[in-house]
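Structure, as structure tokens:
The values are calculated or read from the model by the stated rules, or taken from the named source; none is laboratory data. Values in this document were obtained by computation on a predicted structure and should not be read as measured data. Quick reminder, even Gly has a Cβ in these numbers, built from the backbone with ideal geometry, and neighbours come from all protein chains shown.
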Amino acid sequence: MRNRWISAVFAAVVICGCGSDTGPLAGEDQLVVVQGYLFAGEPVDNIRLTQSVSLDATQTSVALSDIQVTLIRDQDNFPLEAIDDSGTYGYLGSDLTVAAGDLFELRVVHDDGVVTALTQVPPAPVQVALSTTQIYIASASDGDGFGGGFGGGFGRGSDAALTVTWNNEGGAYHQVFVASEDPDAMVIDRGLGDDFSLPTLQQQPTRSTSTDVNSLQLGTYGSWSVTVYRLNDEYGQLFEFGTQDPQDLEEPPSNIEGGLGIFTALHGSRFTFDVLPDTTG
């Protein structure tokens, strides 16, 4: 699930004028672009490194898969290795944990220099609660076909089936994701044909304390999960940059020294609920 939404959050596309030299990081204007995300309590496998490209390039980025990448915590070094051909790095050992309060340094060594960044793992979201753990939805064959719009995805629509709440006294950014936990679950018949697809269930980062899930967003019966992430400051700053008036844009915020992008940490709390057939009608 994490790989699906990371590219959507990193909305600032980094493009710079580069020289005519070829090869990774050959020109002085070719910079390392970091998309690095640590998740509390989860493996480290979401550190993506690419190279910025020239304005006239046909590709949007160049993956960097043969450079030295190290994660440092309390003077302990954890070397990362490329885990796919897109420039994604991860830690293959079992002795690295990511916990609230941990301060991590990312260090990338390449032919033209060193890229570094610091981030601290935020605390877990506070007092997360679901309004219900069972949602009943009838199918079109039971007389409950599609009866209205989606209201823009997450939001307070007329058909809200679940409310997710949390405490946010500090005003930190949070983000909510909802996903089906059963790949073989039965699709809910909405009476709209086989080609109908539901919107992705991911909320934009918010400083609020609640969000609603519309029943029309739930496409299958079975088990579903809700994960509420507390975000770090650098993540929130990047989101704020992406929502600016295009007339007033400045350079995208970055905590990367010697390169571009973002290195940040998130802390999630996960809960489950069930979507069941409504046979009462």
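Listing for the model above:
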| read-out | value |
| --- | --- |
| Pair list, Cβ under 6 Å, 6 or more apart: the stretch 166-182 residue more than 15 Å from P122 (Cα to Cα), other residue of a type in the set (A, V, I, L, M) and in a loop (DSSP other than H, G, I, E, B) | V178/L201; A179/M1 |
| Tally, over the stretch 151-187, of residues that are in contact with a Leu (Cβ under 9 Å, 6 or more places away or on another chain), modelled with pLDDT of 85 or more and either among the charged types (D, E, K, R) or part of a loop (DSSP other than H, G, I, E, B) (or both) | 2 |
| Within the stretch 221-259, considering residues that are polar (S, T, N, Q) and modelled with pLDDT of 80 or more, the one farthest from A172 (Cα to Cα) | S223 |
| Complete set of residues in the stretch 87-107 that are loosely packed, with under 14 Cβ neighbours inside 10 Å and within 18 Å of V62 (Cα to Cα) | none |
| Which numbered condition L80 misses (of (1) touching a strand residue (DSSP E or B) at 6+ places or on another chain (Cβ under 9 Å); (2) over 21 Å from Q51 (Cα atoms)) | (2) |
